[in-house]
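Colleague: Mind having a look at this structure? Questions to follow.
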Amino acid sequence: MPDTTTEDLLHGNWWERNVVYYFSLMLDTFADWFNGNYGIAILLLTIVVRTIILPLMIKQYKSTQAMQKLQPELMKIREKYKDDPRRQQEEMMKLYAEHQVNPLAGCLPLLIQMPILIALYNAIYYNGAIAKHSFLGLQLGKAPTDGEWYYYSIPVIAALTTYIQSKMMQKHSTGAQQGAMKALLVIFPVMIFVMALSFPVALPLYWIYGNIYTIVQNYFMYVRRSKKEEESEQKTEKKSDKKTEGKSKSGTAAGKAKPKRKGARSK
């Protein structure tokens with residue numbers, strides 16, 4: 001990490017002066033609240049930033065869910081017009097318009113949040129005060145390869161939380177997305193582990209905080225919601241089964257009553 005201060009960012013380029021500086025200033029402010037503890041300051045700023053962009057994540061989630069529901073219909077269109085790409089696109093656009101779904105809606109929140117997360121990353125990297133402080137016995141400016149054996153716990157935790165996060169996303173992806181997620185499930189955690197070995201501890205610590213936040217977020221957005229949907233589907237199925245049973249019982253009762261009437265007439 002460079003030996004720079006928050007004030008030095010005011011002499012940098014436009015991005016550093018107008019964006020990264022304010023993130024770094026928030027880190028210094030949060031650290032002052034906790035007696036100079038930058039480990040907690042990084043955690044607090046990560047929570048604040050992630051919570052601010054949470055509405056964008058929810059919008060992205062809703063767009064993804066809407067697209068997943070249309071996948072069976074889209075597959076039929078692709079199969080039906082596989083020899084006519086132009087007609088295929090026209091039918092797909094009609095389907096999107098009919099269900100009021102924008103296929104690009106999921107990309108916009110991602111594009112907006114990326115500069116914010118990069119600014120947070122830059123603020124941690126360029127804040128020289130962070131490198132001089134220790135958190136949980138780890139010097140935040142030292143890379144795991146330069147520290148004692150227990151420094152390697154940070155890359156391991158960073159890779160593990162990345163794997164859990166990717167695994168949760170893979171379970172709720174469909175079609176072509178699932179194939180891509182399977183590849184990322186292996187590649188991404190390994191990549192994070194390798195990078196975390198050579199980066200100052202403060203950076204993978206930020207990744208860990210962000211991963212844990214995303215895991216909790218995904219639990220409520222995907223896992224818990226899918227359980228509720230399954231329960232509601234089961235209740236609906238039970239109600240329909242009861243209605244079917246009721247109809248069959250009434251039909252049986254009516255069938256049993258008919259022979260009695262015939263017997264009565266024969267007398």
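Colleague: How high is the FRET efficiency from Y121 to D84, r the C-beta distance, R0 51 Å, rounded to 0.05?
Modeller: Taking R0 as 51 Å, the efficiency between Y121 and D84 is 0.65.
Colleague: Which entries in K62/K94; K59/K94; K142/K182 show an alpha-carbon gap greater than 28 Å?
Modeller: K142/K182
Colleague: Pop out the ³J(HN,Hα) list for the range 187-197 in order, Karplus 6.51 cos²θ - 1.76 cosθ + 1.60 with θ = phi - 60°, rounded to Hz; leave Gly and Pro as x.
Modeller: Per residue, the Karplus-derived 3J(HN,Hα) values read 5, 5, x, 5, 4, 4, 4, 5, 5, 5, 5 Hz.
Colleague: Using mean Cβ contacts within 10 Å as the protection proxy, how do 207-219, 46-58, 2-14 order, highest first?
Modeller: 207-219, 46-58, 2-14
Colleague: Suppose each label sits 7 Å from its Cα in the direction of the beta carbon; what would the L160-A97 distance come out to in nanometres?
Modeller: 5.3
Colleague: Next question, about the same structure. Hey, with R₀ at 41 Å, roughly what FRET efficiency would F188 and E7 work out to, going by the Cβ-Cβ distance, to 0.05?
Modeller: With a Förster radius of 41 Å, E is 0.70.
Each value in this text was obtained by applying a stated rule to the coordinates, not by laboratory testing. Source: prediction; values computed, not measured. Cβ sites come from the backbone with ideal geometry, for glycine too, and all protein chains shown count toward neighbours.
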